[in-house]
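Computed from the coordinates by the stated procedures, all read-outs in this text should not be read as laboratory data. Please read these numbers as outputs of a predicted model, since none were measured by experiment. Note that we place each Cβ from the backbone using ideal geometry, even for glycine, and neighbour counts take in every protein chain shown.
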Amino acid sequence: MSNRWTVAIMLFLVGIGSVVFHILSPWWATPIASNWSYIDITIDITFWITGTVFVAIILFMGYCVFKYRYRADRRAVYEPENKKLEWWLTILTTLGVIGMLAPGLYVWNQFVEVPKGIAEVEVVGKQWAWTYRFPGKDGKFGKTEAKFINEDNTFGINPKDPAGKDDILVDDTELHLPLGKPYKFLLRSTDVLHDFYVPQFRAKMDMVPGTVTYFWLKTIRTGTFDVLCAELCGVGHHTMRGEVVVESPKAFEAWLKEQPTFAQSLKDARKRKDKKTESLAAQAKRNSGR
Ligand SMILES: [Cu+2]
């Protein structure tokens, strides 16, 4: 087979092969677990536009390579301007770009426009773990500041703020959520950039030290889903994993009751310290008696 055929056939196979690969691929998105089906639609629209253009261009290239192959009796024509073609390309490109941008902007607007009065949960990222905080009975989070962060107060809650006392602290990488209840997620980092990402929720947002970012979502099915960090945040980045358990409101309430409040966790820390001081004093006494 001559060269002019090989290149055209290869291009044709790349175009058709991409479509076949897409249909047979096992790597489809996991079934969605939140209200953000719009995000899936947006990805689908982008995929269809880029996919159609990709296949069309590859097939067109294959056609041109074959049709305008070298022949001794033919000469190329130099045509630097073609107004009609340029108009068509400009209009089609503009439509393609609008088709890819507009749905994304529409969904983004809804993603960050939080419905009034919904419950809140805070996610705190640090190298390399996740912790969570619920506002407690008063429905208000205690204020936080970097200067309050220490080993007994990893969330950096202001100990003098009365709203913080009943905050429920989940010092564990596993978060529970009640099915069907919308939540505003407040995202904080205590060290470097992280990114809270639950693939089944389709939700994802950077966590920036010194500020609080947010989005909202409503769960639509129960299950246990991986929490991933989607921002390269240091050598332990790949170990920054967690889990979200979406369960019945009753099971959620039972789990929430087991988590300590900020006041309790401070008390426990004090007890631990007292015990340590006592045992050190006893040891010193024993040593001096020798
Ligand atoms: Cu991270």
Hull-based mean projected area of segment 130-269, where the convex hull spans the alpha carbons, in square nanometres: 8.2
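How high is the FRET efficiency between ARG270 and LYS140 when r is their beta carbon distance and R₀ equals 25 Å, given to the nearest 0.05? Could you put the intermediate results ahead of the total?
Values: r = 24 Å, r/R0 = 0.97.
Working from the Cβ atoms, E equals 0.55.
What ranking do MET240, MET10 get, fewest neighbouring Cβ atoms within 10 angstrom at the top?
Values: MET240 22, MET10 14.
If I rank by nearby Cβ atoms, fewest first, I get MET10, MET240.
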Selection from GLY136, THR42, ILE118, by position along the positive dipole direction of the chain (Cβ): GLY136
Charge dipole of the chain about the Cα centre (unit charges at C-beta), most positive-ward option of THR30, MET207, GLY99: MET207
Cα long-axis angle, helix 37-67 against the chain (0 to 90 degrees, to the nearest 10): 30
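Go through segment 29-71 and name the trypsin sites (Lys or Arg not before Pro) that are in a DSSP coil and have 13 or fewer other Cβ atoms within 10 Å of their Cβ. Numbers along the way, then the final one.
Details: sites: LYS67, ARG69, ARG71; in loops: ARG69, ARG71.
When the trypsin sites (Lys or Arg not before Pro) of segment 29-71 are filtered for loop state and at most 13 Cβ neighbours within 10 Å, ARG71 remain.
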Loop sites in segment 55-122: chymotrypsin sites (Phe, Trp or Tyr not before Pro), DSSP, at most 16 other Cβ within 10 Å: TYR68, TYR70, TYR78
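Can you sort ARG133, ARG75 so the residue with the fewest Cβ neighbours within 10 Å comes first? The partial results should precede the final answer.
On the way: ARG133 25, ARG75 7.
So the ranking, lowest neighbour count to highest, is ARG75, ARG133.
Roughly how many debye, to the nearest 20, is the charge dipole of the chain about its Cα centre, given +1 on each Lys and Arg Cβ, -1 on each Asp and Glu Cβ, and no other charges?
Numbers: 37 positive and 31 negative charges, 86 e Å.
Charge dipole of the chain: 420 debye, to the nearest 20.
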Label-point separation, ALA284 to TYR70 (7 Å along Cα→Cβ), nm: 9.3
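In segment 150-256, which GluC sites (Glu not before Pro) are in a loop and have at most 16 other Cβ atoms within 10 Å, using DSSP for the loop call? Write down the numbers at each step before the final one.
Values: sites: GLU151, GLU174, GLU231, GLU243, GLU247, GLU253; in loops: GLU151, GLU231.
Answer by residue number: GLU151.
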With Cα atoms, 0 to 90° folded angle of helix 262-289 axis to the chain main axis: 60
Relative counts (whole %) of C-alpha pair distances in the chain, using bins that are 10 Å wide: 5, 19, 23, 17, 12, 10, 7, 4, 2, 1, 0, 0
Alpha-carbon centroids, segment 79-156 and segment 1-59: separation in whole Å: 27
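Can you give the FRET efficiency to the nearest 0.05 for TYR106 and THR239, using r as the Cβ-Cβ distance and R₀ = 25 Å?
Numbers: r = 36 Å, r/R0 = 1.45.
With R0 = 25 Å, the Cβ-Cβ based efficiency is 0.10.
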DSSP bridge pairs, the chain: antiparallel proportion in percent, nearest 5: 70
Degrees, to the nearest 10: 83-112 long Cα axis against longest axis of the chain: 20
Rounded D (µm²/s) - segment 1-128, Kirkwood Rh over Cα pairs, Stokes-Einstein at 20 °C, 1.002 mPa s: 110
Top positive-direction residue, dipole computed over segment 233-290 with Cβ charges, set VAL244, LEU266, ALA281: ALA281
